[in-house]
Each structure stands twice: as structure tokens, then as C-alpha cells.
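One structure is given here, and the rest of the page talks about it.
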Amino acid sequence: MKYNFLEIEKKWQSKWRSENTYSVSEDPKKKKFYVLDMFPYPSGAGLHVGHPLGYIASDIYARYKRLKGFNVLHPMGYDSFGLPAEQYAIETGQHPNITTNNNIARYREQLDKIGFSFDWNREIRTSDPLYYKWTQWIFKQLFSSYYCNIDDKALPISELITEFERNGNGMVKAPCDENTPVFTAKEWNAWDKEQQQAMLLKYRLAYLSETWVNWCPELGTVLANDEVKDGYSERGGFPVEQKKMKQWSLRITAYANRLLQGLDHLDWSNSIKEMQKNWIGKSEGALIDFKIKGKKDKIQIFTTRPDTIYGVSFMVIAPEHKLINKITDLKHKDEVKKYCKSVSLKSERERQSNIKNITGVFSGAYAIHPFTGKEIPVWIADYVLASYGTGAVMAVPCGDQRDWLFAKKFNLKIPNIFKDADVSQSANENKESIITNSDFLTDLNCSVAIKQAINHIQKMDVGKRKINYRIRDAIFSRQRYWGEPFPVFYKNGTPFLIKENECVELPLVDKYLPTKKGEPPLARARKRDWNIFEGDNMEYNTMPGWAGSSWYFLRFMDPKNNTQLVSKGKAKYWGQVDLYVGGAEHAVGHLLYSRFWTHFLYDLGYIDFEEPFKKLINQGMILGRSNFVYRILNTNKFVTFEKKEEYKTVKIHVDIELVDNDILDVDKFKNWRSEFANAEFILNKNNNYLCGFEVEKMSKSKYNTQAPDDLIERFGSDTLRMYEMFLGPLEQFKPWDTKGINGVHNFLKKFWKLTHAEDNKFIISDEKPSKKEYRSLHQCIKKVTDDLERFSFNTVVSNLMICLNELISLNCNKREIIHDFVILLSPYAPHISEEIWASLGYRDSISFANWPNFIADYLEDNTTTYPISFNGKVRFTLNFDNSKSKKDIENTVMSHPKTIAYLDNKNVKKMIIVPKKIINIVF
RNA sequence: GCCCAGAUGGCGGAAUUGGUAGACGCGCUGGAUUCAAAAUCCAGUUCUGGCAACAGAGUGUGGGUUCGAUUCCCACUCUGGGCACCA
């Protein structure tokens, strides 16, 4: 009798492949279910056990839904554009396509071994021109659209042109660039084509804009904020400067409100929704203009607390504010210049982390309070950010802690406008307060006062109600090679789209580096290297990593369509992703951008759902369990964990392969690395070397990674699948520890043993199961079904174990029971289940069996074991017939000798009998 | 600083609506089998005291609500994640 998992798993994997078991197509007779994983970037290191965790969970769910009769779409592909392949190409000169294909082959091999039920006919790769043709197509649609705030949706730019021709832009309500002038139809019609294009670009959802970037001349590239450390590049340590660069941006801000509202209807975790909410950062308040004494200019501020306007005692503007030069008086000019310079030298990091170090400088200018007419000093300080709101605030030190601290530091007045509040020690940020000393706002509470204040501001024409968002438009250009090229060419500096059905393919280049002039790598391509070349030159930037992943779930529905992104019928049938599983690190990036693109495609009518992912589960990271040895300082002697305090030691990571149960195999250790060949050991009392351990991120450098491949060799993938689920709740971060894996392996072995004789022949009994056996099975059906419905993948394993243990003790290998049990098991352990299913005489895959129905009758019990508790403490249990009345139960309990003993002649105050639950006697 | 999670035996975890805390698995202890080991099987295993029956304590800490709290409320500590001079 041997459970030969290697043979079984190989057999079924090749069968699934050759018989196309998991390929699906639209079937109007069946209800659909779409289960999707966040597709991986195929890195060179291959998969470790942490990667497939989410895939296993989603595969189990997909298999479960299939058994429930759903038509399940469960595809997989690769997010194959990315930096590591490009970096490798720079170093070796090898085309990233080659590296990428190799890595994909390795991934596929590893994935196949785990027994996933993916429909591989639908595989997509974002770096495939057949795929990115449609990424480019979406960009073209964005370029050809603007956002209409009246209809609250994206519309074709042609409608905007018609409006410009008729009425100019005076009536147009659409998000556009800040510097867009108002023009008439006459002016519009008089402009030449290039001028018109320039104006349209200010409205397009994909537009060019000048943005500040971290430019590293030495590397010839733009760096992300976290790649810059104290003004130098993290890689290489070269100086980084701020440079203005013309880049493509997407007007995601137009969708800010819809992206926020849409969150309410999504079945996502609270924390992810919260993160997106904060990212979008909606705040309601008012814009208020403050006149400057003796100047024509006004400073416009944004505030969420217009109710505190009588508490303003100074103003603060950001060091980058455009009015600084105009308003600063002669006396302060030098100081202001010096201050602004010093701020600009600070890195973004530095500026953000210096919360305690309050700095600022007086500009010499005074603003006029719009209601009181009082003069208030205008300060410049770096705690005000140029990029948020208007880059200027009205400082209310009695109501805002940062203003308060600033006022204290520079000795500014702190007038109090709150009734019964003490603002001598800190600001009063309590929004329940009553306003005082504030003219028409006096005696109102804050929320009423805010409304009144805004009304007054609008009446006085000094400002208006304003909803402000923190979210900024997404920069869509990257100065890289290995990304989607833009379907764009330039003529006299004006961008134009290439023809409708064409796709710009990545041209070959001699090197994957920027040019000497600092142009992106694509500028190296000669005219004849491009498959399409129009105008003066093609766009040299490529799209960012998130372009391809923002819409891939749509392409899986119709991956081979050559005339459309996705056919309308297929998109209608498969619809939203019903279950999306992936890591929480994509909380704002990927998940927000795909929502944006889905909203947009919905507006244009290509799909009929607005939100891409109905239900989202974020799997927690699997952490590694590292082992350590302790070397005594300056020696080659290692001391066991128990005695390490007696010496001065250095902690060294040791490969977990050399350790079993924290006990080091000293011989293996000596052979591990030459420096340890002559190592000596101080052992513990059992003559063992005990290692220390720590739980940390799984990583090669910590020698704590575990590839799934070895485990599959040793235990089989059915065991691996079950074990990864058994580890704990899917969402939780949890340590990986192979110690427990033989527990689930044992479970499968026991199941095999139950259904196989000594000579490995399948044995099954055709006897009618007993009531006990039915009961055990149906208990299991109920628990497993309930647990899967609430995505409690770990407890399903426990319940299967409980059921099997019961069946074994009943010595039950009856056909009817095993038949249902193996279906329950099959989502977790599909290979062994297929094998036994075939032995039961079925020729079709178990994947399309029927999930067993739970029959409550089998669990019906006519007695209940009641815990009898005294003042809430359980003392003993009694069995009662369910038909027994409360009075009967009470009499029996009260006359029970144990009850009499526990009561010890005390008076019973109360007796609580909860039917089928508990009995509590209070005394 | 703000927001969101979480804290249960030696370990991973369970307890779905407030109703016997510790299911299931690992590990450990003892036993059977074996020449021996592996494998397998049986029994025990929250802590403290006791041979035992049993008693007491116990779900991060301190309070509260309740006949009854891991579960609800208040305050706090710690851990993880996210955001951050956001007006």
C-alpha cells in the first residue's frame, strides 16, 4: 500500500493538459463566475512558497464554483514589462524579450506542478504586441476624449470641438489645465491647426504637461522619490537635480469623485478602501481671497474651516508660491530669497521628516482680512505645500496645531474664538466647539458656522465653496525601453495619433541606455528600425508598468480578438471579476488605476460595468523562519542557543536546509562553506547544537527561502496546496514553517489507506452507510461549504481531517460516503481526488462532479448535552431530551446531587435555561 | 501625529449570532510494533497544586455592561501595515 503522489500528480496534470479540461467558453445556459489572480511579473528568481499562496486559494475557490455548476473563468498570464529585465539587458546586451521568455517558461513549469485549473489557452503577456496594441488603443481613446462635468462622464473630443466652433469655451464645464484661457468661437475659428491642437491638449484625458522630475544626469534617467537619498541617487550615489520635463499625464483627477463614491459598493477590505479614500483625499471647504495691502494681487487660500475666519492672525504661503517675488518688500527680500533657496535644497524627504524644526520667514507684506479689514502679516514657511490646495493658508493658531506651533515660535498673536476653550497650551481642534468673538458666527457650533461662513463669503464675493482633492494626475511617461511604446508621433512639436488600427512596436536599439543628450533609449532607434514612422519623430517615452495591468482582466475574456479590445458580447457575459486575489501592496497603485480605466471604458460604452473587481481578498505575506548559529567572537567555535549568553557571540544566518527542528546537522554545516570546515561546537546537554530562530521576510540572503519544487518532490503538490491553506487565515501574515507539513501529508496518506488494500488495490464497500457515517459526512459537507462561502480556507482542512478521522475510526470505506467526501476534498487536493474518482468508476474529471447537498436530517439530534454552570462557571454536564420542558429540566437539575453539593444550601436567585445551549444557576 | 488591522498553550491556529476557551495540526512525553531505525498505531499534553477525584488561575493590561465576555463598551500597552507638515 503506497500513496504514490508523484506518479498520480504527473498523470493527472498531463491528462488535464491533453484533454483541455479547464478551457472554458461562454455558455448562456450556465451562470458565470470569474476568479482572477493578480498576474505575476516573471522574475528571474522563480517562485518561492509565498508566491502561490493566493493562487492556491483562488484555484480552490474556482474548483468549488465549478462543482457548484458555475461556468468558471480562471485565467493566468504575465505582467511581462518591467525594470529587472531592462536592467539585465543594459548589463548583458541581451534583448529583454529573451530574458522574459526564459523566465516565463520557468514560471509556467513551476505553476504547472502545483495543479492549477487555469485555462491556459487564454494566457496573455503585456509585452506581446498583440496585447499592447490594445493598451495603445486605450491610450488613443484617452487622448481622443475629455471629461464633461455636466454629463459627469468622458465624451469624444469631437463634441468639444463642435462646442468651441459654436460658442468658444465659456460654457464648457470640463477639467482642464490651470492656465487655460477663456476664448470665443471667433477666436477659435481664427486659430491655425496647431494652435487648436494645443488648446485641445489642455482638455484631453491624456495630455502633455511640464512636470518636475528627479533627474540624474550621470545615469541619464529620471528617478522615483525613494531612489533619491539626500540629493544623490541611491544607485551609484550621483547628484540628482530637479528638471522640468514634458511628459504624458492622465487626467485621473476628473474621476476623483466617482472613484471615491464607487468604493461604497465594493466588497473589499476596509483598510484598502480607507487607503484609496485617503489617496483621493476629498475635503470640502472654501476658497477665500485675501487682498494684499498696497498691491493689486490677491492671495487665494483653501480652508476646510471657514468658520474660524475670525481667528486668523497671520497667513502662510509656500516657499514656491508664485506671488512671493511680487509681495515681498525690499527690506525682507534678501532674507526671503535665502530662505526659499535653503528650502529648495532640502530633499522632499528631509522637508517632510523635520516636523519639530519649525522654520519660516516674514515677507514684509500684509494681507487684509476680508471681513474685519484688519492687516495680517504674510509669512513664508515650508510646512505649507505648494502642491496641495492653493499653496497658501489662513493661519488660525487657536484652531490648528501647526499654526499654533508656528505662532509660538515666531511670537505671533493667538486670538481665541472658541467658547470655554483654553488655547494657551495647544490649539483647540475639537469640531464640537461653539464659536465666539466672531461677529455673525458667534454662538454657532462649527458645522452650522461653516455653512454660514461660506454663504457670507459668496455673498461678499470674496470666495466660493470648493471641494478639494489630494489626488494628482498620473504621470504616464517613462524614460525606459522595456515598456509599451506610445501610438504617437510629433510634427512641429505637436503630438498626433497614428492610424486607428496600427500598433507601434518596440524598435530594436543598439543599447538600452539613454542617449548622450539625455533622451530615452527609443531615441537610439533609426528611422528604419520603427515599424511605423510618421512626422518628425516618434514618441521616445514608453508607458509605465501599470499600463498593461490596468485592463488585463478584460482581455482574458477575449484574448485572441484582433479587431476589438474585447467583444461586447463576451464582456457582457463574463462581466466583473467576481473574486480577485492579490497582495495588499497594490492597494492604491494598480487597484486605483484599473478602476479609473474601467470607469473610462464604461463611459465610452465598450463595457457595461463601472467597477472591475467586485470582491477583493488580499493574501498576507508568507514570512520565512530563519535559523541562526552563534559564533564566539574571533574564533571558529559555535555555541548552542542555550549557552550563548555565556559568551560574546556573533549571530550568523544558517541555511534552513542544514537544520531540522532547530537542531543543526553539524556535519552538513561543516561542508556548507569552506570557512566552517574546521568549526568546533559547544553542544547542549543532549549533545545537540540548537539554533536560534527569527521570523522575517523570505529572502535568498537570509537563507530562509523555500521553493515549492523540493516540497512537491517530497510530499506532492496536493500536500503543498493543503498545507499552505492550513497555515492560517489567508489575509494574515504568517511564518512559513515546514514542520507541520507532514500533518497534512499524513492526512492524505490515511485517506489513501482507507480506500486501498495492502497490495494498493482500490477497495470500496457497497454497503449502505450507517447513521453515524452519514452524520459525520453531512457535518463535513455543511462545515466545508459554509467555510468556503466565507473564504475561510484554513478551517476547511481541519474539517476534512475531523471527518476522515471519524470515518477511519468507524472503519468506513463505503461508496456513498467516499463519493461525496472525495468531491469535498477535490478543490484542495485535485490529483488524489481524480485518482480515487476514477477508481470509483467515473470516466469524466471530478472537476465537473456535483457538489454534495447538505441534508439537515442527518444532523438532527433528539438530545442535547447541557453544560451546567454555577454563576457562569461550568461544573458538569447533563444530557436532556430536546422534547423536555424547561420546568422538567429545572427539576432534574435542581435535584441532582452535584447541584445540591455546589449550592451548599445557598439561595438560588435565578436559573437560566437556554434551549440546546446552556444552563446557568445564579446564587 | 492620523487611519486601518491584530494580540488566545511550547508553535501555527479554532471558537460563524454573547453560551462548555484551546477544535485541527505540529512539537513534546509515555507505550505498542521492530534486532534497530524509519514508518505506523495507542494514550497523554493550557498553567499551578494534587497519586487521583478535584480545586484555583487563564484569551496583551486595567476597568465596565451581562446570569454569562476571546466576542460588546471605555481607557491603555505592544506588534504589523498604510498615509503624512494635506490647511
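The values are calculated or read from the model by the stated rules, or taken from the named source; none is laboratory data. Bear in mind that the values here come from a model prediction, so they are computed numbers and not experimental data. With ideal geometry, Cβ positions are generated from the backbone for all residues, glycine too; neighbour counts draw on all protein chains shown.
Determine whether the stretch A:221-234 contains at least one residue that is closer than 22 Å to A:Arg478 by Cα, assigned to a helix (DSSP H, G or I) and of a type outside the set (Asp, Glu).
Taking every residue of the stretch A:221-234 in turn, at least one turns out to be closer than 22 Å to A:Arg478 by Cα, assigned to a helix (DSSP H, G or I) and of a type outside the set (Asp, Glu).
Reported count of residues in the stretch A:783-798, each being near RNA strand B (Cβ under 8 Å from one of its atoms) and assigned to a helix (DSSP H, G or I), is 7. Out of the residues in the stretch A:376-385 meeting the condition of being more than 7 Å from RNA strand B (Cβ to nearest atom) and of a type in the set (A, V, I, L, M, F, W, C), tell me which one is farthest from the chain's Cα centre (by Cα). The extreme case among them is A:Ile376. Taken over the stretch A:728-744, the criterion of being within 6 Å of RNA strand B (Cβ to nearest atom), touching a residue at least 40 places away in the same chain (Cβ under 8 Å) and touching a helix residue (DSSP H, G or I) at 6+ places or on another chain (Cβ under 9 Å) is satisfied by A:Gly728, A:Pro729.
Of all residues in the stretch A:117-143, those satisfying the criterion of being closer than 22 Å to A:Phe596 by Cα, in contact with a Ser or Thr (Cβ under 6 Å, 6 or more places away or on another chain) and not basic (Lys, Arg) are A:Thr126, A:Ser127. Scanning the stretch A:132-173 for residues that are in a loop (DSSP other than H, G, I, E, B) and among the small types (Gly, Ala, Ser), we see that the one that is nearest to A:Phe496 (Cα to Cα) is A:Ser144. Taking (1) within 16 Å of RNA strand B (Cβ to nearest atom); (2) free of Cβ contacts under 8 Å to residues at least 40 places away in the same chain in turn, A:Asp558 satisfies each apart from (1). Looking only at the stretch A:358-372, decide whether some residue is under 18 Å from A:Phe290 (Cα atoms), within 9 Å of RNA strand B (Cβ to nearest atom) and at pLDDT 90 or above. Scanning the stretch A:358-372, I find no residue that is under 18 Å from A:Phe290 (Cα atoms), within 9 Å of RNA strand B (Cβ to nearest atom) and at pLDDT 90 or above, so the answer is no. Selection of the stretch A:418-455 for residues being surrounded by fewer than 12 Cβ atoms within 10 Å (Cβ to Cβ) and within 24 Å of A:Ala407 (Cα to Cα) yields A:Asp420, A:Asp422, A:Ser424, A:Gln425, A:Asn430, A:Glu432, A:Asp439.
Is it the case, given these coordinates, that A:Thr126 is in contact (Cβ under 8 Å) with a residue 40 or more places away in the chain and among the polar types (S, T, N, Q)? Answer is yes for this residue. Applying a threshold of 8 Å to beta carbon distances and a minimum spacing of six or more residues, or different chains, the list of pairs starting in the stretch A:309-336 at a residue that is small (Gly, Ala, Ser) and ending at one that is in a helix (DSSP H, G or I) reads A:Ser313/A:Ala407.
Evaluation of A:Pro769 against the conditions (1) outside any helix (DSSP H, G or I); (2) under 30 Å from the mean Cα position of the chain (by Cα) shows that the sole unmet condition is (2). Tell me, please, whether a residue that is closer than 30 Å to A:Lys909 by Cα and within 14 Å of RNA strand B (Cβ to nearest atom) can be found in the stretch A:853-864. So far as the stretch A:853-864 goes, yes, one or more of its residues are closer than 30 Å to A:Lys909 by Cα and within 14 Å of RNA strand B (Cβ to nearest atom). When the test is whether a residue is in the same structural domain as A:Ile457 (by TED's automatic domain parsing) and out of contact with any helix residue (DSSP H, G or I) (no Cβ under 9 Å at 6 or more places or on another chain), A:Phe238 does not pass it.
Checking each residue in the stretch A:61-94 for being over 20 Å from A:Trp574 (Cβ atoms) and free of Cβ contacts under 8 Å to residues at least 40 places away in the same chain picks out A:Gln87, A:Glu91, A:Thr92, A:Gln94. Can you name the residue in the stretch A:892-919 that is among the aliphatic types (A, V, I, L, M) and assigned to a helix (DSSP H, G or I) and is also modelled with the lowest pLDDT among such residues? In this case the residue turns out to be A:Leu903.
Looking only at residues in the stretch A:265-283 that are within 17 Å of the chain's Cα centre (by Cα) and away from RNA strand B (no atom under 13 Å from the Cβ), which one is surrounded by the most Cβ atoms within 10 Å (Cβ to Cβ)? It would help to see each step written out before you state the result.
If we filter the stretch A:265-283 for residues that are within 17 Å of the chain's Cα centre (by Cα), which is where we start, we get A:266-280.
With away from RNA strand B (no atom under 13 Å from the Cβ) added as a condition, the list becomes A:266-267.
Details: A:Leu266: 18, A:Asp267: 11.
Per the stated criteria, the residue is A:Leu266.
All conditions but one from (1) within 26 Å of A:Ala584 (Cα to Cα); (2) not in a strand (DSSP E or B) apply to A:Ser249; the one that does not is (2).
Whenever a residue of the stretch A:274-288 is modelled with pLDDT under 85 and assigned to a helix (DSSP H, G or I), its partners that are near RNA strand B (Cβ under 9 Å from one of its atoms) and not small (Gly, Ala, Ser), lying with C-beta atoms within less than 7 angstrom and at least six residues away or across chains, give the pairs A:Met275/A:Val588. Are any of the residues in the stretch A:403-410 within 21 Å of A:Gln300 (Cα to Cα) and within 36 Å of the chain's Cα centre (by Cα)? Within the stretch A:403-410 (the criterion being within 21 Å of A:Gln300 (Cα to Cα) and within 36 Å of the chain's Cα centre (by Cα)), the answer is yes, since at least one residue qualifies.
Yes or no, residue by residue, for (1) near RNA strand B (Cβ under 10 Å from one of its atoms); (2) closer than 20 Å to A:Ile60 by Cα; (3) at pLDDT below 90:
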{"position": "A:Phe715", "(1), (2), (3)": "no, yes, no"}
{"position": "A:Arg721", "(1), (2), (3)": "no, yes, no"}
{"position": "A:Asn746", "(1), (2), (3)": "yes, no, no"}
{"position": "A:His756", "(1), (2), (3)": "no, no, no"}
{"position": "A:Asp759", "(1), (2), (3)": "no, no, yes"}
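Look through A:Gln197, A:Gln261 and report the one residue that is more than 16 Å from RNA strand B (Cβ to nearest atom), out of contact with any His (no Cβ under 8 Å at 6 or more places or on another chain), free of Cβ contacts under 8 Å to residues at least 60 places away in the same chain and in a helix (DSSP H, G or I). Unique residue meeting the criteria: A:Gln261.
Collect the residues in the stretch A:110-131 that are assigned to a helix (DSSP H, G or I) and touching a helix residue (DSSP H, G or I) at 6+ places or on another chain (Cβ under 9 Å), keeping them in residue-number order. Please lay out each step first, then the result.
Of all residues in the stretch A:110-131, those assigned to a helix (DSSP H, G or I) come to A:110-113, A:120-122, A:129-131.
Those that are assigned to a helix (DSSP H, G or I) and touching a helix residue (DSSP H, G or I) at 6+ places or on another chain (Cβ under 9 Å): A:Gln110, A:Leu111, A:Asp112, A:Lys113, A:Trp120, A:Arg122, A:Tyr131.
Give the residues of the stretch A:284-300 that are within 11 Å of RNA strand B (Cβ to nearest atom) and exposed (fewer than 14 other Cβ atoms within 10 Å of the Cβ), sorted by residue number. Once the filter is applied, which keeps residues that are within 11 Å of RNA strand B (Cβ to nearest atom) and exposed (fewer than 14 other Cβ atoms within 10 Å of the Cβ), the stretch A:284-300 yields only A:Glu284. Every listed requirement among (1) within 41 Å of the chain's Cα centre (by Cα); (2) at positive phi is met by A:Asn811 save one, (1). Every condition in (1) of a type in the set (D, E, K, R); (2) under 16 Å from A:Phe923 (Cα atoms); (3) within 40 Å of the chain's Cα centre (by Cα) holds for A:Glu834 except the one numbered (2).
Applying the condition of being touching a residue at least 40 places away in the same chain (Cβ under 8 Å) and within 16 Å of A:Leu683 (Cβ to Cβ) to the stretch A:641-663 and asking which residue is farthest from the chain's Cα centre (by Cα) yields A:Lys643. The residue that is nearest to RNA strand B (Cβ to nearest atom), among those in the stretch A:316-336 that are among the basic types (Lys, Arg) and over 43 Å from the mean Cα position of the chain (by Cα), is A:Lys326. Does A:Lys887 satisfy the criteria of being away from RNA strand B (no atom under 11 Å from the Cβ), at pLDDT below 85 and basic (Lys, Arg)? Answer is no for this residue.
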